[in-house]
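Working notes, structure below.
The values are calculated or read from the model by the stated rules, or taken from the named source; none is laboratory data. Because the structure is a prediction, the values reported are computed rather than measured. Cβ atoms come from the backbone with ideal geometry, glycine included; neighbour counts cover every protein chain shown. Side chains are part of the model used for accessible areas, which takes the heavy atoms of the whole protein and leaves out ligands, DNA and RNA. Shrake-Rupley method; radii C 1.70, N 1.55, O 1.52, S 1.80 Å.
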Amino acid sequence: MQQHFRHILYLILAVSCCTLTTSCEDPISLDIPENPPLLVVNGRVTDAEPAFVYLTTTAPYFLQDVTPRVTNAEVLLYEDEELIGLMIPSDTAPGRYELNYTGTVGKSYHLKITIPTNNSASLEPGIYHTLPERLNRIFELDSIFLEFQPPRPPFPGGFIPAIAFKEPEGPGDIYRVRRWKNDTIFRNVFFTINDEFADGFHFGNPPIPPVRLGTLLEPGDTFWIEITSITARYDQYLRVLLDQTFRSAGVFAPPAAPVYGNVFYADGRNALGYFSASAIRYAGIRRPD
């Protein structure tokens, strides 16, 4: 009897497992409404490189392809409210517009974007604009070098890149640092230096330490940085964008909300993205073999 009961129990468990396995394979269809697309603007003007901007749109949540590109817009660049010129669509990058013009520290820049009726991305036609963005000053690097970091368990020791520079006197300067190691950009793209508590400091001139850039280099590794001056408004935009992109409260976190930048429809409604203005500097170093 006991052996017979055990056989029946095994049969029940086997049937239950098959049922559970089969039910897990049932497709689940989610009915997610599709909202009308919004214009997305991403670009900048600097004091060292030609101005550019990418025009794309939002897309359905489960879209597997690239987001739609806006290829037939009219994009005008302004400096201190005076028209600089028409940005030209790129021949090789759909949705990219360029103008061979570099900005000047102390001046402000914005775009006027006209989306035609029969546009390439099914956007609502009309005129968009970006808020004026001031091109702020930037420091000049004294040097970029390797500094030995002693071991601090559980962290190993080694050589890390660092920079020395004199921060200009006068409050309100913010700098963004983007970093590449062996041609791979750091996933954490948000690294800023704010002079709120360091106005006029000479970093790397004792007793003030250099600014350490946070990665160990092995023999043969290369390291590059791009430093740009940014406004307080752009700094806040990047902080909110980082919070929405890289942080999570787990499975019970609310869905990400749109991150509004400095792009608006003519009647004041928000579009998405940001057009920035920056002074820009580059530096790099390689650890010898």
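Does the range 263-270 contain any residue that is closer than 18 Å to residue 178 by Cβ, in a strand (DSSP E or B) and either of a type in the set (A, V, I, L, M, F, W, C) or at pLDDT below 95 (or both)? No, the range 263-270 contains no residue that is closer than 18 Å to residue 178 by Cβ, in a strand (DSSP E or B) and either of a type in the set (A, V, I, L, M, F, W, C) or at pLDDT below 95 (or both). Exactly one residue out of 199, 289 is of a type in the set (D, E, K, R) and modelled with pLDDT under 95: that is 289.
Of the strands (runs of 3 or more DSSP E) contained entirely in the range 66-158, those carrying at least 1 residues that are acidic (Asp, Glu), open to solvent by 30 Å² or more (accessible area, probe 1.4 Å) and free of Cβ contacts under 8 Å to residues at least 24 places away in the same chain fall at 82-89. Scanning the range 219-233 for residues that are touching a strand residue (DSSP E or B) at 6+ places or on another chain (Cβ under 8 Å), part of a loop (DSSP other than H, G, I, E, B) and under 18 Å from residue 146 (Cβ atoms) yields a count of 2. I'd like to know if the range 173-184 contains one or more residues that are at pLDDT below 95 and either more than 24 Å from residue 132 (Cα to Cα) or not basic (Lys, Arg) (or both). Checking the range 173-184: at least one residue is at pLDDT below 95 and either more than 24 Å from residue 132 (Cα to Cα) or not basic (Lys, Arg) (or both).
Scanning the range 206-256 for residues that are modelled with pLDDT of 80 or more, of a type in the set (Ser, Thr, Tyr) and surrounded by fewer than 15 Cβ atoms within 10 Å (Cβ to Cβ) gives 215, 222. Looking across the range 194-214, just one residue is touching a residue at least 24 places away in the same chain (Cβ under 8 Å) and β-branched (Val, Ile, Thr), and that is 211.
Residue 236 satisfies every condition listed in (1) in contact with a strand residue (DSSP E or B) (Cβ under 6 Å, 6 or more places away or on another chain); (2) part of a helix (DSSP H, G or I) except (1). Pairs are defined by a Cβ separation below 6 Å, a sequence spacing of at least 6 or placement on different chains, a first member in the range 262-289 that is on the phi > 0 side of the Ramachandran plot, and a second member that is open to solvent by 10 Å² or more (accessible area, probe 1.4 Å); the pairs so defined are 273/40; 273/42; 273/261. Restricting the range 186-203 to residues that are not in a loop (DSSP other than H, G, I, E, B) and not charged (D, E, K, R) leaves a set whose member that is most open to solvent (accessible area, probe 1.4 Å) is 197. Among the conditions (1) over 18 Å from residue 44 (Cβ atoms); (2) in contact with a His (Cβ under 7 Å, 6 or more places away or on another chain); (3) of a type in the set (Ser, Thr, Tyr), residue 184 misses just one, which is (2).
Selection within the range 163-185: residues that are surrounded by 16 or more Cβ atoms within 10 Å (Cβ to Cβ) and of a type in the set (A, V, I, L, M, F, W, C). The member of this set that is farthest from residue 282 (Cα to Cα) is 174. For the range 78-98, which positions are under 18 Å from residue 129 (Cβ atoms) and within 22 Å of the chain's Cα centre (by Cα)? If the condition is that a residue be under 18 Å from residue 129 (Cβ atoms) and within 22 Å of the chain's Cα centre (by Cα), then 97 is the only one that fits.
Identify all residues within the range 261-289 that are within 20 Å of residue 95 (Cβ to Cβ) and touching a Lys or Arg at 6+ places or on another chain (Cβ under 8 Å); write none if there are none. If the condition is that a residue be within 20 Å of residue 95 (Cβ to Cβ) and touching a Lys or Arg at 6+ places or on another chain (Cβ under 8 Å), then 262, 275, 276 are the ones that fit.
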